[in-house]
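Some notes on the structure that comes next.
The values are calculated or read from the model by the stated rules, or taken from the named source; none is laboratory data. Keep in mind that what you see is a predicted model, and the values were worked out from it rather than measured. With ideal geometry, Cβ positions are generated from the backbone for all residues, glycine too; neighbour counts draw on all protein chains shown. We work out accessible area using only protein heavy atoms, side chains counted, and drop any ligands, DNA or RNA first. Shrake-Rupley method; radii C 1.70, N 1.55, O 1.52, S 1.80 Å.
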Amino acid sequence: MRAFREAVEAGDLDAVEALLADDVVFTSPVVFKPYPGKAITASILRAVSQVFEDFRYERELDGDDGRDHALVFTARVGARQLTGCDFIHLDENGLIDELTVMVRPLSGAQALAAAMGARFDEIAKEAEARSASAS
């Protein structure tokens, strides 16, 4: 999805958030349970943008129906290099209603889990504040 890719590459997290449906479901590469909702998804994406270093998209794949997309990326978390993919599904309004992220290798996923875990209280507080202001 070109708009999402361009917003991420520009570091425009407000534009990224504007592309999310209110009922978006984020599936993390390192946590079993999905995260439903725009506020938590936006907060997670803001945090991961600070954790990933040398982030860049390598390839973009589009499904036949125009609603499924995959963005292959590389990044670094500390000393760990990783490769990943953002799987994006769009709802009938063209907003992201599913965002699933996969990363490899395991050592990269573990570094990501540790870095994000250290920030999760902060992420949850930000998401709560976003939810309250959206109401």
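Here are some notes:
- Residues of segment 120-135 that turn out to be surrounded by fewer than 18 Cβ atoms within 10 Å (Cβ to Cβ) and either under 17 Å from S49 (Cβ atoms) or out of contact with any helix residue (DSSP H, G or I) (no Cβ under 6 Å at 6 or more places or on another chain) (or both), as a count: 11
- Selection status of A42, small (G, A, S), touching a helix residue (DSSP H, G or I) at 6+ places or on another chain (Cβ under 8 Å), crowded, with 18+ Cβ neighbours inside 10 Å and within 18 Å of M1 (Cβ to Cβ): yes
- Enumeration of residues in segment 110-135 that are of a type in the set (D, E, K, R) and within 16 Å of the chain's Cα centre (by Cα): R119, E126
- Residue in segment 3-12 that is open to solvent by 30 Å² or more (accessible area, probe 1.4 Å), assigned to a strand (DSSP E or B) and without any contact (Cβ under 8 Å) to a residue 24 or more places away in the chain present: no
- Boolean, V51 is open to solvent by less than 20 Å² (accessible area, probe 1.4 Å), at pLDDT 95 or above, in contact with a Gly (Cβ under 7 Å, 6 or more places away or on another chain) and not hydroxyl-bearing (S, T, Y): no
- All told, G84 falls short of being of a type outside the set (A, V, I, L, M) and either open to solvent by 20 Å² or more (accessible area, probe 1.4 Å) or touching a Gly at 6+ places or on another chain (Cβ under 6 Å) (or both).
- Comparison of L99, L95, L106, L90 shows that the only residue that is more than 24 Å from E53 (Cα to Cα) and out of contact with any Gly (no Cβ under 9 Å at 6 or more places or on another chain) is L95.
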